[in-house]
1. In terms of modelled amide H atoms, which long-range or inter-chain residues lie less than 5 Å from the amide H of Q84?
2. Report the relative contact order of region 132-257, percent, no decimals, based on alpha-carbon pairs under 8 angstrom and at least 6 residues apart.
3. Sketch the reach of a paramagnetic label on E122 as a point 7 Å from Cα along Cα-to-Cβ, and name the residues of region 56-86 whose backbone nitrogen lies under 13 Å away.
4. Per residue, how much space in cubic angstrom lies within the convex hull of the C-alpha atoms of the chain?
5. Under 5 Å between amide hydrogens, which residues at least 5 positions from I164 or on another chain qualify, with H placed 1.01 Å from N in the peptide plane?
6. Taking just the alpha-carbon atoms of region 193-270, what radius of gyration and Dmax come out, in angstrom?
7. Which whole-Hz ³J(HN,Hα) couplings does region 149-157 yield from phi under the Karplus relation 6.51 cos²θ - 1.76 cosθ + 1.60, θ = phi - 60°, glycine and proline marked x?
8. Over region 210-252, what percent of the accessible surface lies on carbon and sulfur atoms, probe 1.4 Å?
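The values are calculated or read from the model by the stated rules, or taken from the named source; none is laboratory data. Remember, predicted model here, so these are calculated numbers, not experimental data. Quick reminder, even Gly has a Cβ in these numbers, built from the backbone with ideal geometry, and neighbours come from all protein chains shown. All accessible areas refer to the heavy atoms of the entire protein, side chains included, with ligands and DNA or RNA removed. Shrake-Rupley method; radii C 1.70, N 1.55, O 1.52, S 1.80 Å.
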Amino acid sequence: MNRIFCISHKEQSIKLDPSVSIVWLGSEKYPDAGHHILDVNKSYPDLMAWHPFLTGAAGAFAIRRFLVDQGIEYSDFDLITITQYRKFVSKKEFGVETSSYPTMLFISDEDKIPEYKNWYSEPENYFLVAKPRNIGNTFMQYACNHQAADFLRYLAVAVELEVITAEECFGLMNNQLIIPGGIELGTFPINIFLSIMEQLEVVCLNFLEKHRPVKLDSYHRRALAFCNERLSSYLLQKVLHEIFDGSIPSEVTGFMHTVEIGAKEYRAGI
């Protein structure tokens, strides 16, 4: 079994099969009735209250709650695929490379958007994650692009809650690799998704009880999403290393794609 979800706050740019469930974060009613809709505002209003800070993570947390609320006991062979309204991971390459985001492929022409049956395929080894990217040092890369204080507070909360140890925190901060999108983009065993996502949710909600991001403009207030990507990437790498003897084989990696019609270059956070 593979449960497939698309997290959206606006009508998606990527092409989907009708079987894909839409996790709706928009303020208006979802415009297409052809999919099963998980309306986060109706089902989990507490998450939507924090949406300005959680952004897409509110949808990922809603997926976890939805799966848990169903009361199903999932096997280690049951999978989940997460896409976003303009992003997907595929074993095939579409679009062109973008200088603003190495390892990502960018599609700006509507006639170049692949059909669902062309970009989606069942993974060979229970995982399909975005190709890891070498960023040198996770903390320094975060500090150069965002607000270092947000990441440090987030990590402090994660250590206090025993999501990671102090030693793991040090390892995460100095880690050279990031899996773009972390656990929020790609295909994974459901039980692994549920475990990591539960940890991210408890860290985020605890953070918001005590703190706010340093800057509250529309980009920097998304600090928790940036932090989640790094923590979940680290936790996901640990899982993959345990399963595949210390490596992340090419068989479980694919190409991350972003679709933005008419744009000349990738833009973050739209």
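1. I7
2. For region 132-257, the relative contact order is 33 percent.
3. Inside the label zone: 77-80.
4. Spread over its residues, the Cα hull of the chain gives 130 Å³ apiece.
5. Excluding prolines and chain starts, which carry no amide H, the hits are V159.
6. For region 193-270, the Cα-based Rg and Dmax read 16.1, 43 Å.
7. Along region 149-157, the couplings run 4, 5, 5, 5, 5, 4, 5, 4, 4 Hz.
8. 50 percent
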